[in-house]
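A short write-up of the structure that comes next.
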2 protein chains.
Amino acid sequence: MSAPAGGTRRRGRPPRTESAGTRDRILTAAREEFSERGYEKTSVRGIAKAAGVDPALVHHYFGTKEQVFEAAIEVAFAPVLGASATVADGPPDGAGERLTRFFFGLWENPATRTPLLAIVRSAFDNETAAAVFRRLVAAQLLRRVAAQLEQPDAELRTELAAAQLVGCAVLRYVIKAEPLASADPEQLVARLAPVVQGHLTGP
Amino acid sequence: MSAPAGGTRRRGRPPRTESAGTRDRILTAAREEFSERGYEKTSVRGIAKAAGVDPALVHHYFGTKEQVFEAAIEVAFAPVLGASATVADGPPDGAGERLTRFFFGLWENPATRTPLLAIVRSAFDNETAAAVFRRLVAAQLLRRVAAQLEQPDAELRTELAAAQLVGCAVLRYVIKAEPLASADPEQLVARLAPVVQGHLTGP
């Protein structure tokens, strides 16, 4: 996805030395726009404006709006996918606590909460965004956790465990239902880790 | 919210005998529009078009878009709130299964799934809709269940139980993550009822 090495320089294309910085700035702006507005209401024009660049430059680096979305989410999720291996590793009877702690660590950190909200909001209002969610979160993250389990129904177990955490995120961070929205994160980990563990390895 | 009894008949106002049918038709159209598009992208004009009436008539019966939304959701949720009393009644050790079965009963029935999707989608893309969700679902439905519990942290317990079910609905009906999306509802009730019960009355 970097700028092509040769060819005729078109109008609006940046000097190559600026490319990395500009590309990152567009991705950051894209994450913020998708997070605030959802997939449908975000436009390439709006992303370009927030990044302070010409819309043609956004198309040049990423292509369509769907491709900008996928790139923004993929970059944001790279550390998550790396860390998911750490969660999946280790003794199986600690997987519930590791997954729960990891999950709240992401959501309680404003830097990762923004792209997570972008995915969640967008997945709700658009089938394209839902497909990206399925591909990145369901297929990659959850399948890695499931691969560590010996149970024959490991994928369904992992999804039901994820459902507990996803529902908690929806009610706490999106809907802001009380008392859940103000509960201490450590209290939530203490309550939810055994539930997640039960889904993963229980009878 | 019925048509005023007297006063000058304005252009576009229907004969009074048509009022109930027209009002219901607008509400049905509103539920479908909010469900398909979410709160933000739904317009009074679009609702009017779907119902085959003039937009002025929608304003006449309901007022603002927020008020149309609240009326559409409230009518859809009236049977839910009635039934929630039934869920909350009965022996506490069966509350988990009653709540879980009731929840999947709503989501598996296309007639109730539509307004539920409308609430969920809309609550995600708009703070006004999230407030309606908090008021109707969190404050009314969950508080009724919590009121039946003796535990001092009954409201947090009820929300964590709801989180398990809400997350399952998100992954199954909105994101359509497999294998959860195709799982047999009875299998899901069998797995989730003990989890919900544990949240409500467990240690």
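Here, each number is a calculation from the coordinates, and none is a lab measurement. In this text, all values refer to a predicted model and were calculated from it rather than measured experimentally. Cβ coordinates were reconstructed from backbone atoms using ideal geometry, including for glycine residues, and neighbour counts include every protein chain displayed.
Across peptide B:153-162, the mean count of Cβ atoms from other chains lying within 10 Å of each residue's own Cβ comes to 5. Inter-copy label distances at B:Arg143, using a point 7 Å along Cα-to-Cβ, come to 4.5 nm with the shortest given first.
Would you work out if the protein assembly as shown is rounded, prolate or oblate? Take a ≥ b ≥ c from the square roots of the eigenvalues of the alpha-carbon gyration tensor; rounded if a/c is under 1.5, else prolate when a/b is larger than b/c, oblate otherwise. Walk me through the numbers on the way to the answer.
On the way: a/c = 2.29, a/b = 1.08, b/c = 2.12.
It is oblate, given that a/c is not under 1.5 and a/b is not larger than b/c.
Mind pulling the angle between the C-alpha long axis of helix B:110-125 and the longest principal axis of chain B? Nearest 10 degrees, somewhere in 0 to 90. Between the helix axis and the principal axis of chain B, the angle is about 90 degrees. Potential lengthening of the chain between B:Asn109 and B:Asp153 amounts to 12.6 nm, from the contour at 0.36 nm per residue minus the alpha-carbon distance. With neighbour counts taken as other beta-carbon atoms within 10 Å, the residues A:Ser182, B:Ser122, A:Ser35 rank, fewest first, as A:Ser182, A:Ser35, B:Ser122. As a rough footprinting exposure proxy, the listed residues B:Phe102, A:Phe34 were ranked by other beta carbons within 10 Å of their own, and the order from fewest upward is B:Phe102, A:Phe34. Which aspartates and glutamates have a Cα less than 18 Å from the Cα of A:Lys65, not counting those fewer than 8 places away in the same chain? Qualifying aspartates and glutamates at Cα under 18 Å: A:Asp24, A:Glu32, A:Glu33, A:Glu36, A:Glu40, A:Asp54, A:Glu74, A:Asp125, A:Glu127.
Can you compute the FRET efficiency between B:Arg25 and B:Arg135 using 1/(1 + (r/R0)^6), with r the Cβ-Cβ distance and R0 = 30 Å? Round to the nearest 0.05. Before the final figure, lay out each step's value.
On the way: r = 25 Å, r/R0 = 0.85.
Efficiency for this residue pair is about 0.75.
Sorted from shortest to longest, the distances between the A:Tyr173 label points of this copy and the other copies are 2.3 nm, with each point 7 Å from Cα along the line through the beta carbon.
Comment: the Cα-to-Cβ extended label point of A:Thr64, at 7 Å, lies 3.7 nm from its counterparts in the other copies, nearest first.
Average partner chain C-beta neighbours within 10 Å, per residue of B:39-50?
Working: counts 1, 5, 4, 0, 0, 0, 0, 0, 0, 0, 0, 0.
Neighbouring Cβ atoms belonging to other protein chains average 1 per residue here.
Of all beta-carbon atoms in chain A, the one sitting closest to the axis that brings chain A onto chain B gives A:Gly167, 1, with the distance in whole angstrom. Toward the positive end of the charge dipole of region A:65-201, with +1 on the Cβ of Lys and Arg and -1 on the Cβ of Asp and Glu, the farthest Cα among A:Ala72, A:Phe104, A:Val196 is that of A:Ala72. When the alpha carbon gyration tensor of chain A is reduced to an equivalent ellipsoid, the three semi-axes, largest first, read 36, 19, 14 Å.
Of the cross-linked pairs A:Lys49/B:Lys176; B:Lys49/B:Lys176; A:Lys176/B:Lys41; A:Lys49/A:Lys176, those separated by over 25 Å at the C-alpha level are A:Lys49/B:Lys176; B:Lys49/B:Lys176; A:Lys49/A:Lys176.
Axis of helix A:19-41 versus longest Cα principal axis of chain A: the two differ by about 60°, to the nearest ten degrees. With the helix formula -39500 (n - 2.57) applied to DSSP H stretches of n ≥ 4, chain A reaches a computed 222 nm mean residue ellipticity of -22000 deg cm²/dmol.
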